1. Within segment 305-340, how many residues turn out to be assigned to a loop (DSSP other than H, G, I, E, B) and away from the ligand (no atom under 16 Å from the Cβ)?
2. Taking segment 387-402, which residues are surrounded by 16 or more Cβ atoms within 10 Å (Cβ to Cβ) and farther than 22 Å from residue 286 by Cβ?
3. It is to be established whether one or more residues within segment 349-372 are away from the ligand (no atom under 16 Å from the Cβ), part of a helix (DSSP H, G or I) and under 26 Å from the mean Cα position of the chain (by Cα).
4. Working only within segment 286-299, note down all residues that are part of a helix (DSSP H, G or I) and either within 13 Å of the ligand (Cβ to nearest atom) or crowded, with 21+ Cβ neighbours inside 10 Å (or both).
5. Do you know which residues across segment 319-348 are exposed (fewer than 15 other Cβ atoms within 10 Å of the Cβ), closer than 24 Å to residue 277 by Cβ and over 25 Å from the mean Cα position of the chain (by Cα)?
6. Tell me whether segment 300-318 contains one or more residues that are buried (at least 16 other Cβ atoms within 10 Å of the Cβ) and within 30 Å of residue 3 (Cα to Cα).
Ligand code: GDP
């Protein structure tokens with residue numbers, strides 16, 4: 001999906017505006033310094049077009065000061081975005097920081113929509129007009145709080161959006177190197193693994209044209225093929241700088257995930273599974289990417305730990321029970337050779353399509369051997385099934401009534417048993433035919 005990144009100084013109303021745009025109250029405004037939100041991007045739609053809104057505003061300035069912080073925010077937005085939504089507080093007017101942001105946006109040559117926020121009344125209209133002075137086009141007066149004219153703003157955003165997203169999307173570039181993201185909480189060994197895999201043979205490529213930042217992706221040769229490792233600068237950078245839960249780290253991770261086809265999720269096998277590990281797994285599944293689970297630091301796992309680890313996995317990682325697992329050590333190189341086959345399996349599942357005939361034969365058998373329980377004298381049936389999409393696989397069932405969740409889960413389980421899909425999330429939706 002095309003990406004709209006929202007930029008602006010603190011307190012100009014970015015999160016409120018994001019809420020308006022996505023039509024929910026999800027982008028909770030956290031005014032507590034250092035608070036980290038897991039979610040920074042949201043799917044929005046307007047006039048039948050879907051796009052991703054990335055709120056870069058969750059970051060609060062640290063010792064480096066406001067200007068540096070905003071500059072980084074803007075730079076990042078520019079990297080990620082197809083359209084930048086620049087929010088200025090019309091009641092405050094143009095500040096030095098706003099001007100510095102404009103400089104960055106100009107250099108990047110990405111389309112910019114200027115929102116003059118807090119225009120709650122007629123008087124503020126004039127103040128909004130003063131923002132022509134930024135020299136980046138017409139300020140769109142909005143009141144994020146009252147929802148005033150946000151429709152016009154959305155129209156403007158859509159106009160600025162490229163027809164076909166020029167950035168790499170998952171459907172694109174068949175035959176190009178497959179795109180892999182290394183995921184995992186800090187210190188699980190992502191950069192160690194990257195170094196191990198890359199060895200001598202690597203090429204660094206810039207994935208986004210016209211940016212001034214570090215090169216982002218690395219092409220790495222493994223198992224006789226070239227793979228594109230997404231946003232390795234993010235991995236290396238995070239390593240060099242703070243290891244904490246930095247807002248930008250989350251943002252980069254999110255955008256890496258968006259560009260990747262498959263995520264290798266690293267877990268520190270020597271350490272109890274953390275909530276964050278599970279969130280990352282969830283996130284990847286929700287994003288619909290193929291998954292490989294890599295248990296790193298296996299050199300530190302002894303018998304006792306192994307015992308607990310198995311139980312942890314059983315209990316807490318059921319949601320990814322279908323993901324291939326490799327037990328590796330980035331330090332010793334243990335089982336490195338198992339990584340590529342696991343990635344290939346996951347990618348193959350991710351793109352796999354079950355022919356409609358085969359699928360319906362399967363359902364005919366399933367429905368007769370395991371019919372849906374009778375509810376209120378009725379027995380809903382699966383009439384017809386089709387696989388509507390791949391990458392990830394999505395199944396649509398046409399039914400004669402509502403299938404209860406338990407039965408749908410059963411169906412999903414049976415689909416996996418029958419057709420595999422190791423390493424790929426799948427979804428099953430139903431359409432009720434009256
Ligand atoms: P990142 O934050 O995920 O990139 O993690 P790093 O690659 O920086 O690794 C964090 C720490 O774990 C470093 O001290 C590494 O040397 C160590 N480490 C990484 N992989 C392994 C491993 O397989 N075994 C052991 N024993 N230590 C590891």
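Computed from the coordinates by the stated procedures, all read-outs in this text should not be read as laboratory data. Values in this document were obtained by computation on a predicted structure and should not be read as measured data. Here Cβ is always computed from backbone atoms with ideal geometry, including for glycine, and neighbour counts include all displayed protein chains.
1. Final tally of qualifying residues: 5.
2. Selection gives 399, 401.
3. Within segment 349-372 (the criterion being away from the ligand (no atom under 16 Å from the Cβ), part of a helix (DSSP H, G or I) and under 26 Å from the mean Cα position of the chain (by Cα)), the answer is yes, since at least one residue qualifies.
4. Residues satisfying the conditions are 298, 299.
5. Across segment 319-348, the qualifying residues are 332, 333.
6. No: segment 300-318 contains no residue that is buried (at least 16 other Cβ atoms within 10 Å of the Cβ) and within 30 Å of residue 3 (Cα to Cα).
Residue-by-condition table, conditions (1) outside any helix (DSSP H, G or I); (2) under 30 Å from the mean Cα position of the chain (by Cα):
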site	(1), (2)
78	no, yes
88	yes, yes
93	yes, no
119	yes, no
136	yes, yes
140	yes, yes
146	yes, yes
